[in-house]
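The structure appears below as structure tokens.
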Amino acid sequence: MDVASSEAEVAALNKIRSGQYELIKSDELAQLGKDAEVGRSVGRYQMHQIGFRTWRLATATGNPCLLLTLDSDWKKPDLGVQACRQ
């Protein structure tokens, strides 16, 4: 049962459930934004392991992408658009 009250909220919930989006704490996102504004970062990317997937977070922009996963997982059509391109 969805607790969303609008079509947009239901669509957002579905994207989160499908793995199309990943949640990050708002205070962590705010800190990343502050660091990016002053050009500060400890490295260009941060790696985050979530289950069997490894995500890469661009510290300057806050944009995540899928770096490593199982071969069978790459075959899922929705994961191809989340792959790191660089």
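The values are calculated or read from the model by the stated rules, or taken from the named source; none is laboratory data. The structure presented is a predicted model; accordingly, all values stated were derived computationally and were not measured. Ideal geometry is used to build each Cβ from the backbone, glycine not excepted, and the neighbour counts take in all protein chains shown.
Quick look at the numbers
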item: Hits in segment 48-69 (condition: of a type in the set (Phe, Trp, Tyr) and assigned to a strand (DSSP E or B)); result: Trp55
item: Selected residue (only one of Gly51, Gly43 is at pLDDT below 85 and either of a type in the set (Gly, Ala, Ser) or over 18 Å from Arg85 (Cα atoms) (or both)); result: Gly43
item: Those residues of segment 70-83 which are assigned to a loop (DSSP other than H, G, I, E, B), of a type in the set (A, V, I, L, M, F, W, C) and closer than 18 Å to Leu23 by Cα, in sequence order; result: Val81
item: Qualifying positions in segment 14-40 - at pLDDT below 80 and of a type in the set (A, V, I, L, M, F, W, C); result: Ile16, Leu23, Ile24, Leu32, Ala36, Val38
item: Scan of segment 54-86 for residues that are exposed (fewer than 14 other Cβ atoms within 10 Å of the Cβ) and among the basic types (Lys, Arg), ordered by number; result: Lys75, Lys76, Arg85
